[in-house]
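Chemist: So that we are looking at the same thing, I have put the structure below in structure tokens.
None of the figures in this text is laboratory data; all of them are computed from the coordinates on show. What you see is a predicted model, and the numbers here were worked out from it, not measured in a lab. A quick note on method: Cβ atoms are made from the backbone with ideal geometry, for glycine too, and the neighbour counts reach across all protein chains shown.
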Amino acid sequence: MFKQAIIDLISKKTSLRKEDLLNLIEIPPNSELGDYSFPCFILSKKEKKAPNLIAEHLVKQLHNKLPKEIETISSSGPYLNFFINKKLLAENILKINSKFGKTNLGKKRTICIDFSHPNIGKPMHIGHIRSTIIGDSLMRIYNFLNYNPIGINYLGDVGLHIGKLIVAYELWLDKNALKKDPVTELLRLYVKFCGEEKSEIREGMEEEFQDNEWTNKAKEKIKLLELGDKKAHKIWDEIRESSLEGFKKIYDILDVNFDDWRGQSNFSIKGKDIVALALEKGLAKRENDGAVYVLLNEKDPDSKKYVLRSNETASYITQDLGAAVERYKKYKFDKMIYVVDFRQEDHFKALFKILEILKYDFIPKMHHLKFGTIKFGNEIFATREGNVILLEDVLNKTIDKAKDEIKKRQTKGDAEKVGVGAIKYIILKNEPIKDVQFSWESALSFEGNTGPYLQYSYARASSIIKKAKNKNFNKSKIKINKLEKSEELLIKKISDFPEIVINAGEKMNPSLIANYSHELCQLFNEFYHNCPVLKTKDKAQEAFRLRLIDSFRTCLQNALHLLGIEVMDEM
């Protein structure tokens, strides 16, 4: 409403289109400079004037023609600054409801989000947490903006690790241990195989080219699996069933859901078909040993990317090619986001390049959202070495520590909501590409930029409303006189929420919402300390402040929902 009024005002006095102005209007770093600002640099070249002179000129032109939404304007160097009508803004903020922040920006266009994607046969470990939590938050954000988000859990249900597990399953399986605790037994088998294999090549795409006795045994099992060998398939099905049981237990704790659970194995045939067509068109080449590659750069003979193994089995990228084409055929996505570790950047660059070489036209819609590592101390753990930090253990330990913290503080609260919220927040408050240094002490603190601090702020607001004698404050007629500074800042911050959500969606960055939530709570707590609510003798002022608190609760609850964090009325 207010930003649009500014856009309409500027567009009448300049040659700029409203669509362009939408992205040019900024929020100043300091509220003393205004509520919104317009940088005049873009007009400088056309009008052949210094931007500061243009800003001064626009102030004179617009000052006497301001709409009701704008109180005053000023210039500061090259910026045209707008101070909005705070009373009108307050009236609007007091009327918000549970739909606050929702827009029809997406118009039901489809966005596919490939996230979490654990490997069948291996337990989910701490390395899966960022993809899972970031992907879930993006699902919530795009749904809020009225897109049609499709959550895809692209399970690693084929590949060398499956071949290794089938070999280990046949040689060393403890059936009683599998029945009692399938996740732990499958991890034991995998680690035992890797101990026998003694490979110096770390987990990843390149290990498929390792040539030793044990690796070759695993490759043979993969070939048998692709050829439909009944014994191999029976073991594979048992491994898959046991793994899914463990995965879903964790997803239930995190309240994460998916629409598409198809794993890599579903796209091997389609991937091979694409490779065959590429060979037919001369876009792919075959080596003497039978392996097939695509040259990513025609001028560089070393830019080979292998898309089929020498034994005719599909590789990771073969299946990814098939998955990309099949997903576009099925969903006709407007955007496809892969929420995957930054260490796979080269893989996705190659994938997108190969699809481009093969003349698929949906490549501009595909994005690799890279994220950094999560660390306990200075170590990044690898499953093959056995010293993996299991995600279920981390979740359970965090919930237990949340119980201890609640008991120590002699307060109320759901330990699972506090613990899970703490983990989600410490992940999401960081930009995806940045590393996260995890500690339970920092995650579970009730002060500072943490999940419990946000949940506690919501509970504090709920407590005030619960104690209010005026239970009909939402029906009271409000007359807004002079606003206190703390009220004004809180109102303005609440009003920023819809734009923050849009920016988070456009930039694929939930940290914008997380850190906005923290700033919102800081302003609420300043308001709480500076503006008496239940102790004020002015009943009209009490009703106004109660409604403002209620609007704060609505805004914060919506923001935390987009992060996957639940609120509580008591803590």
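Chemist: Between residue 99 and residue 233, what FRET efficiency comes out of the Förster formula 1/(1 + (r/R0)^6) with R0 = 56 Å and r the beta carbon distance, rounded to 0.05?
Modeler: After rounding to 0.05, the efficiency reads 0.70.
Chemist: A follow-up question, please. When only C-alpha pairs under 8 Å and at least 6 residues apart count, what is the relative contact order of the chain, in percent?
Modeler: In percent, rounded to a whole number, it is 15.
Chemist: Report Rg(Cα)/(2.2 N^0.38 Å) for the stretch 2-84, keeping two decimals. Please report the intermediate quantities before stating the final value.
Modeler: Details: Rg = 11.4 Å, N = 83, 2.2 N^0.38 = 11.8 Å.
Compactness ratio reported: 0.97.
Chemist: Here's something else I'd like to know. Based on DSSP, what percent of beta bridges with both residues in the stretch 115-385 are antiparallel, to the nearest 5?
Modeler: DSSP beta bridges in the stretch 115-385 are roughly 45 percent antiparallel.
Chemist: Only four residue types carry charge here, +1 at the Cβ of Lys and Arg and -1 at the Cβ of Asp and Glu. Report the dipole size of the chain about the Cα centre in Debye, rounded to the nearest 20.
Modeler: It works out to roughly 2800 debye.
Chemist: Could you tell me which trypsin sites (Lys or Arg not before Pro) in the stretch 295-366 are loop residues by DSSP with no more than 13 other beta carbons within 10 angstrom of their beta carbon?
Modeler: 299, 332, 359
Chemist: What per residue convex hull volume, in Å³, comes out for the stretch 115-385 when only alpha-carbon positions are used? Write out the running numbers ahead of the final one.
Modeler: Values: hull volume 39.3 nm³, N = 271.
It is 145 Å³ per residue.
Chemist: Can I ask one more? Helix 268-280 versus the longest principal axis of the chain: what is the Cα-based angle in degrees, 0 to 90, to the nearest 10?
Modeler: Approximately 80 degrees, to the nearest 10.
Chemist: Let me ask something else about it. Students often get this wrong, so check it: of 3/48; 217/270; 397/434; 3/485; 86/479, which have C-alpha atoms separated by over 18 Å?
Modeler: 3/48; 217/270; 397/434; 3/485
Chemist: Relative to a virtual label point 7 Å from the Cα of residue 474 in the Cα→beta-carbon direction, which members of the stretch 72-96 show backbone nitrogen distances below 19 Å?
Modeler: 90-96
Chemist: Right, here's the next one. Do any trypsin sites (Lys or Arg not before Pro) in the stretch 246-289 lie in a loop, going by DSSP, with at most 13 other beta-carbon atoms within 10 Å of their beta carbon, and if so which?
Modeler: Sites meeting the loop and neighbour criteria: 281.
Chemist: So if a site counts as exposed when it's one of the GluC sites (Glu not before Pro), its DSSP state isn't H, G, I, E or B, and it has at most 16 other Cβ atoms within 10 Å, what's the longest stretch of the chain without one?
Modeler: On the way: sites that count: 200, 203, 287, 298, 312, 447, 484, 570.
Longest gap between qualifying sites, sites excluded: 1-199.
Chemist: Beyond a 32 Å Cα-Cα separation, which of these cross-linked pairs lie in this structure: 12/102; 107/482; 370/466; 248/365; 99/248? Could you put the intermediate results ahead of the total?
Modeler: Working: 12/102 29 Å; 107/482 40 Å; 370/466 44 Å; 248/365 30 Å; 99/248 30 Å.
Going by Cα-Cα distance, 107/482; 370/466 fall outside the 32 Å limit.
Chemist: Given +1 on the Cβ of Lys and Arg, -1 on the Cβ of Asp and Glu, and no further charges, what dipole in debye does the stretch 2-84 carry about its Cα centre, rounded to the nearest 20?
Modeler: Working: 12 positive and 10 negative charges, 97 e Å.
My answer is approximately 460 debye.
Chemist: Taking the Cα centre of the stretch 36-88 as origin, sum charge times position over the Cβ atoms of Lys and Arg (+1) and Asp and Glu (-1), and report the length of that vector in debye to the nearest 20.
Modeler: Values: 9 positive and 4 negative charges, 25 e Å.
About 120 debye.
Chemist: How large is log10 I(q)/I(0) at q = 0.06, 0.08, 0.12 Å⁻¹ when the Debye formula is applied to the Cα atoms of the chain, each weighted equally and without solvent?
Modeler: Cα-only, vacuum Debye calculation for the chain: -0.40, -0.68, -1.18.
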